[in-house]
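Derivation of every value follows stated rules applied to the coordinates shown; laboratory data play no part. Fair warning: this is a prediction, and the values are worked out from it, not measured in the lab. Every residue, glycine among them, receives a Cβ derived from its backbone with ideal geometry; neighbour counts consider all protein chains shown.
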Amino acid sequence: MTSTRGRPGQGRPRTQWRWLTGVAPALCLAFAPLLLYAVVAAADAAVRYEMAPHSIDCADTESFLGGRVPVGATDIVCTDHSAPLSREQDVRFRLPRDRVAAELTGAFPRLHGTDPCEADLCFTGGLRDAWHDPALSDHISATVTYRLDGTALVEIGAYNV
């Protein structure tokens with residue numbers, strides 16, 4: 001007896017290909033939302049990690065701000081708040097209250113005084129000129145809050161967009 005199985009046009013058709021062509025797309029469609037969810041969740045977690053404020057080396061912040069934290073400053077903390085399309089960094093420190101204005105303008109030459117503000121002193125620096133180093137921030141601002149212990153809390157922030 002000769003088998004006609006597998007010869008085109010003769011005998012019973014092979015059902016294994018029908019099963020494969022019917023079930024495989026159904027399985028793909030069933031798992032596609034799960035795969036898409038995993039990819040989106042991983043990308044979202046990566047973006048959230050980058051955007052979460054974190055401590056950085058103050059040398060990086062100083063070069064971005066275009067100055068140096070004054071000698072004698074205490075409680076120095078540098079933080080990066082950058083997002084995927086922008087860069088934002090700040091530094092916080094304390095200085096003796098009586099010399100804070102002179103120290104700030106000497107240490108950060110881009111800062112200049114501004115109109116009255118909610119803090120005790122405010123300074124700002126505008127957009128960088130074309131000749132400036134592109135590693136410098138576009139904008140820099142500083143606020144000074146006097147403390148009862150004779151010190152001043154200085155917060156300097158800078159950003160690029």
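Projecting the Cα atoms of C58, T105, P84 onto the charge dipole of segment 54-160 (Cβ charges, centred on the Cα centre) puts T105 farthest toward the positive pole. Segment A119..D138, full-extension length gain: 4.6 nm, with 0.36 nm per residue of separation and the alpha-carbon distance subtracted. Label-to-label distance for D60 and A83 is 1.9 nm, based on points extended 7 Å past Cα in the beta-carbon direction. The modelled label-to-label distance for the pair L34/Y146, using points 7 Å beyond Cα in the direction of Cβ, is 6.6 nm. This ranking places Y37, Y159 by how few other beta-carbon atoms lie within 10 Å of each, fewest first, which gives Y37, Y159.
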